[in-house]
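The values are calculated or read from the model by the stated rules, or taken from the named source; none is laboratory data. Predicted model only: the values in this text are computed from it and were never measured. With ideal geometry, Cβ positions are generated from the backbone for all residues, glycine too; neighbour counts draw on all protein chains shown. Areas reflect the complete protein model, heavy atoms only, side chains present, ligands, DNA and RNA absent. Shrake-Rupley method; radii C 1.70, N 1.55, O 1.52, S 1.80 Å.
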Amino acid sequence: MEKKPFVTKEQIEEIVKTYPTPFHLYDEKGIRENARKVREAFSWNPGFREYFAVKATPNPFILKILQEEGCGTDCATKVELMMAKACGFTGDQVFFSSNVTPAAEYAYAKEMGAIINFDDLTHLKFFEENVGSFPETVCCRFNTGGDFKISNSIMDTPGEAKYGFTRDQLTEGFRYLMSKGVKHFGIHAFLASNTKTNDYYPELARILFQTAVELHEETGADIRLINLSGGVGVAYTPDETPNDIMVIGEGVRKVYEEILVPAGMGDVALCTEMGRFMLAPYGHLVARAIHEKHIFKEYIGLDACAANLMRPAIYGAYHHITVLGKENEPCDHKYDVTGGLCENSDKFAVDRMLPKIDIGDYVVIHDAGAHGYSMGYNYNGKLRSAELLLQEDGSVKMIRRAETPMDYFATFDFTGLFDRFRDE
Ligand SMILES: *Cc1c(COP(=O)(O)O)cnc(C)c1O
C-alpha cells in the first residue's frame with residue numbers, strides 16, 4: 001500500500017518557523033480513529049480494554065488522548081507507573097507487566113491498585129517476603145516454550161525468551177496464590193512481536209483460552225481476565241498489507257465462542273496491551289537534509305540521527321521515507337540516508353531509491369510513533385528532539401520540548417561548572 005505522510009510540505013514549512021527540525025510529530029486524528037476501531041473490534045466482549053504499552057510512546061499528552069478513547073495503560077517500571085498516575089490512570093486501568101522487578105516497584109504497583117502481572121513463579125514468594133500480601137486479583141504471564149507457529153511458519157521462539165511461567169508453573173502458581181487468598185485470576189502471554197498476520201491474536205487466544213479452561217478445571221481458580229498483550233504489527237514497508245483489527249477482533253470472537261463459552265467461561269474479560277499498533281503509523285520523525293556526500297556511495301545527511309530513532313541502526317528495521325514536496329517525482333536516485341553519529345550503523349536507509357534530494361529538503365521518516373522517541377538516547381551528546389502533536393483542528397502543539405545542553409549536563413552539574421551554558 002502506498003505510504004503517504006499525514007502532513008504536507010507546506011504544513012512543515014509553517015511548523016519549522018516555530019519548531020526547528022528534527023522533531024517527532026504525532027497525528028491526533030489518526031490515533032483517535034485507530035483507538036476507536038480497536039474498541040469496536042472487541043466491542044462484542046463487554047469487559048474489553050486496551051492497556052496502551054507506555055514504553056512505546058511515553059508522553060502524557062498521548063496517554064491522555066488514549067485515556068479519552070477508553071484505554072488504560074500497561075507499565076513495566078515505577079517511572080512508567082508514575083506517568084500513568086500523573087495522567088489519572090488508577091486501579092484496574094493500569095496493568096503492571098514487568099520483569100526482573102525490584103521490590104519497591106512491586107510495592108508501588110500494589111499501592112496504586114494496578115493489576116500485577118507476575119513474570120515468574122519465584123516472584124510470588126519474593127513479593128510476599130518483600131512487599132506483603134497479594135492483591136485480590138493477580139495475573140500470571142505464560143511462556144509456551146518451543147517455537148510459536150502459525151500454519152507451520154515460525155513466528156517467534158518463546159523457548160528463547162526470558163519471560164513468563166512454564167505451563168506446569170502456572171498450575172503450581174495458581175494453587176499457591178489461591179492458598180494465599182487470591183480471589184480472581186488473569187493470564188497473559190506475548191509470543192510474537194510485530195506480527196504481520198490477522199491470525200496472530202486468534203492463534204494466541206486459542207492457546208490462552210485453552211489454558212484458562214484447563215487451569216480452571218485443575219485448580220478451580222476464578223479466571224476473570226485474559227490478556228493478549230502486544231505484538232500486533234504495522235506495515236512498515238509499502239508492499240505489506242496492514243493488519244485489519246476488525247478481522248482480528250472477529251477471529252478472536254470465534255475462538256472465544258468455540259472454547260470459553262462452552263466451558264462456562266463466557267464472562268471472561270479480554271484485554272490487549274498494544275503499543276506499536278496504537279501509535280507507530282501516527283508518528284513521523286521529521287528531519288532536514290543538511291549534507292550530501294559523493295564517495296563510493298551517495299549519501300544524504302540529516303539533522304536527525306539514530307538517537308532520535310534507533311530501530312534501523314539496531315534491528316536493520318525498514319522505515320519508509322518521503323521527501324516532502326517530491327511525492328510524485330520518480331525514485332531514480334539511490335541513497336544511504338544517514339545521521340551524524342560517529343557510528344556507521346547510523347543510517348535510516350541503505351541503498352534506498354528516492355527522488356533526487358536537495359540540501360534543505362524536508363524528509364518524513366514514517367511509522368516512528370512507537371518505539372521511536374522512547375528508545376532515544378544521548379550518544380555523542382546528541383540531544384533528544386521535541387515531540388509535537390498535530391491536533392484535529394490542524395494546529396500544532398508542543399507536547400515535549402527539545403532537550404537543551406543543560407539537560408545533558410544536569411546529572412553532573414554539582415559545582416556550577418556548566419552554569420555558563422544555561423542559555424545555550
Ligand atoms: C513491549 C510490550 C508490549 C507492547 O508491544 P507492541 O509490540 O508494541 O504492541 C506489550 N506488553 C508487554 C509486556 C511488552 O513488553
R0 = 51 Å: FRET efficiency of residue 328 with residue 413, Cβ-based, nearest 0.05? 0.55
Would you mind counting up the charge near residue 176? Only other residues with Cβ under 12 Å from its Cβ, with Lys and Arg at +1 and Asp and Glu at -1. +1
Cβ-based charge dipole, the chain, positive-most Cα from 8, 414, 130: 414
Within the accessible area of the chain, what % is carbon and sulfur when the probe is 1.4 Å and the other protein chains stay in place? 50 percent
Rounding to the nearest 10 and keeping the result within 0 to 90°, find how far the Cα-based axis of helix 28-41 lies from the longest principal axis of the chain. 20 degrees
Return the single residue from 353, 274, 406 with maximal mean-square fluctuation; model: Gaussian network over the chain, springs between Cα atoms under 10 Å. 406
Using the Cα centre as the reference, give the magnitude of the dipole from point charges on the C-beta atoms of segment 281-409 (Lys, Arg: +1; Asp, Glu: -1; all else neutral), rounded to the nearest 20 debye. 260 debye
Length-normalised contact order for the chain - Cα pairs under 8 Å, 6+ apart - percent: 18 percent
Based on Cβ point charges of +1 for Lys and Arg and -1 for Asp and Glu, what charge dipole magnitude is obtained for segment 28-280 about its Cα centre, in debye rounded to the nearest 20? 480 debye
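So if I take the alpha carbon set of segment 88-190, get Rg, then get Rh from the Kirkwood formula, what is the Rg over Rh ratio? List each step's numbers first, then the result.
On the way: Rg = 14.4 Å, Rh = 14.3 Å.
Using Cα coordinates only, the ratio equals 1.01.
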Spin-label model distance (nm) - residue 193 vs residue 293, 7 Å beyond Cα toward Cβ: 2.9 nm
If we count trypsin sites (Lys or Arg not before Pro) as exposed when they sit in a DSSP loop and have at most 10 other beta carbons within 10 Å, what is the longest stretch of the chain that avoids them all? 163-424
Here the percent of antiparallel bridges among DSSP beta bridges lying wholly in segment 276-341, to the nearest 5, is 60 percent
So how far apart, in nm, are the two label points at residue 172 and residue 125 if each is 7 Å from Cα heading toward Cβ? 1.0 nm
Heavy-atom accessible area of residue 302, protein chains in place, probe 1.4 angstrom, given in Å² to nearest 10, is 10 Å²
R0 = 51 Å: FRET efficiency of residue 353 with residue 254, Cβ-based, nearest 0.05? 0.75
Heavy atoms only, 1.4 Å probe, whole protein assembly: order 51, 408 by accessible area, highest first. 408, 51
Rolling a 1.4 angstrom probe over the protein chains, ignoring ligands and nucleic acids, what is the accessible area of residue 261 in square angstrom, nearest 10? 70 Å²
Springs between alpha-carbon atoms under 10 Å, Gaussian network over the chain: tell me which of 313, 86, 192 tops the mean-square fluctuations. 86
Among 114, 410, 76, the residue with the largest mean-square fluctuation in a Gaussian network model of the chain built from Cα contacts under 10 Å is 410
What size of dipole, in debye to the nearest 20, comes out for the chain about its Cα centre when the only charges are +1 on Lys and Arg C-beta atoms and -1 on Asp and Glu C-beta atoms? 340 debye
Nearest-10 value in Å² for the accessible area of residue 295, using the 1.4 Å probe: 90 Å²
Output the 0 to 90 degree angle, nearest 10, between the alpha-carbon long axis of helix 167-179 and the longest principal axis computed from the alpha carbons of the chain. 60 degrees
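When the expected Rg is taken as 2.2 N^0.38 Å, what fraction or multiple of it is the alpha-carbon Rg of the chain?
Scaled against compact globular proteins, the figure is 1.05.
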Out of residues 5 or more away from residue 399 or on other chains, whose amide H comes under 5 Å of its own, with H placed 1.01 Å from N in the peptide plane? 387, 388, 389
For 26, 299, give me the order by solvent-accessible area with a 1.4 Å probe, most accessible first, ignoring ligands, DNA and RNA. 299, 26
Report the net charge of residues surrounding residue 275, where surrounding means a beta-carbon distance below 14 angstrom and charges are Lys +1, Arg +1, Asp -1, Glu -1. -2
